[in-house]
Amino acid sequence: MIVGPQEHFRTVGMDPAADLDELRDQIETAAAAVSGTDGTLVFVDLMGGSPANASSYLALSGTPVVCGCNLPMLLEVLMQRKHTSSAQQLAEQAIRSGRESILNLAQMLSGA
Amino acid sequence: MAVIHMRIDNRLIHGQVTASWVNALGANRIIVTNDKVAHDPVQKMLLPQAARGVPTLVLSIADTLAYAASEQGQKERILVIAKLPQDALSLIEGGLKPAEVNVGNQAPTPGTRFKMVTRSIAVTAEDAAIYRAIAGKGYPLTSKMMPGDRQNDFLDLLKKGGF
């Protein structure tokens, strides 16, 4: 809706009755499917959740797995990725822009 | 005090579910119990982090029993998370005396004849027998996802599921 359909981009949804091993499999399959020459970047909702746990084997082998994904972070990454050739660098940009995008509009508008 | 609550959940420690239970129970120790998980170095490293500050051990059934009976264990308010119904039964048969037993998530195992008795709990005939055995030892089973959920009787859910 905002940045248009994406290539080299997969989402993995999770069932309430998810099995951790199966989820791990789905995530790793998706990661392999999107992988280009510069690596793969994984986003999950929160550290300690099942998607994060299931991504931890990927993380241990060097794939950046960013927890606490928010929409601005994702948009930034989708726009910047053609200019970046390192998944690690992209992950760092994602975290920076994710953090910077959290603000209180009332404060911002009142000039406070 | 020892084991104030035992949760049967194959997703182990996850998201807000575990945090909410720890807060509601006033637990100061989590033990994740399953022989296979206790031998997985990744899980042993990851689960304590997922527990976000609550001291966590990832132990086999035997080690869980030993810890709960130990002097240290007796002083703590322990939340035991058993991965599978069989783990829970083995713990109870081994002498663990949880104050409450709660059935959380159980994913269906592909290739088995299962039925979803709730949105997130798959049961086979073998599982049903295990749950009944747990109840038969004097441990009524409830199935609350979150602490504020209504109390129910898991055996009723089994009956409704045709088990």
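Computed from the coordinates by the stated procedures, all read-outs in this text should not be read as laboratory data. Remember, predicted model here, so these are calculated numbers, not experimental data. When we count neighbours, we look across all protein chains shown, and the Cβ atoms used for this are built from the backbone with ideal geometry, even at glycine.
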Residue by residue through segment B:151-162, the couplings from Karplus 6.51 cos²θ - 1.76 cosθ + 1.60 with θ = phi - 60°, in Hz, x for Gly and Pro, are 5, 9, 10, 4, 5, 4, 5, 5, 4, 4, x, x
Counting only residues 5 or more apart in sequence or on a different chain, those whose built amide H sits under 5 Å from that of B:V103 are B:I8, B:T142, B:S143, B:K144
Taking chain A and counting helices only, DSSP H stretches of n ≥ 4 at -39,500 (n - 2.57) each over all residues, the nearest-500 ellipticity at 222 nm comes to -15000 deg cm²/dmol
A correct fewest-to-most ranking of B:T33, A:T63, A:T37, B:T112 by other Cβ atoms within 10 Å would be A:T37, B:T112, A:T63, B:T33
The local net charge around A:L41, scoring Lys/Arg +1 and Asp/Glu -1 for residues other than A:L41 whose Cβ lies under 11 Å from its Cβ, equals -1
Pairs over 30 Å Cα to Cα, from B:K75/B:K159; B:K83/B:K115; B:K44/B:K159, come to B:K75/B:K159; B:K44/B:K159
Rounded to the nearest Å, the spacing of the alpha-carbon centers of segment A:25-42 and segment B:77-109 is 35
A correct Stokes-Einstein calculation for the protein assembly as shown, using the alpha-carbon Kirkwood radius, 20 °C and 1.002 mPa s, returns a whole-number D in µm² s⁻¹ of 104
Charge tally for neighbours of A:P51 with beta carbon under 15 Å away, counting Lys, Arg as +1 and Asp, Glu as -1, is -4
Summing +1 per Lys or Arg and -1 per Asp or Glu among the other residues with Cβ less than 13 Å from B:R132's Cβ gives -2
Note, segment B:81-96: 3J(HN,Hα) by Karplus (6.51, -1.76, 1.60, θ = phi - 60°), whole Hz, Gly/Pro = x, goes 10, 8, 5, 10, x, 4, 4, 4, 5, 4, 5, 5, 5, x, x, 5
Taking only the alpha carbons of segment A:20-109, the radius of gyration and the largest Cα-Cα distance, Dmax, both in angstrom, are 14.2, 47
Computed from every Cα-Cα pair in segment B:2-160, P(r) in 10 Å bins starting at 0 and rounded to whole percents is 11, 44, 37, 9, 0
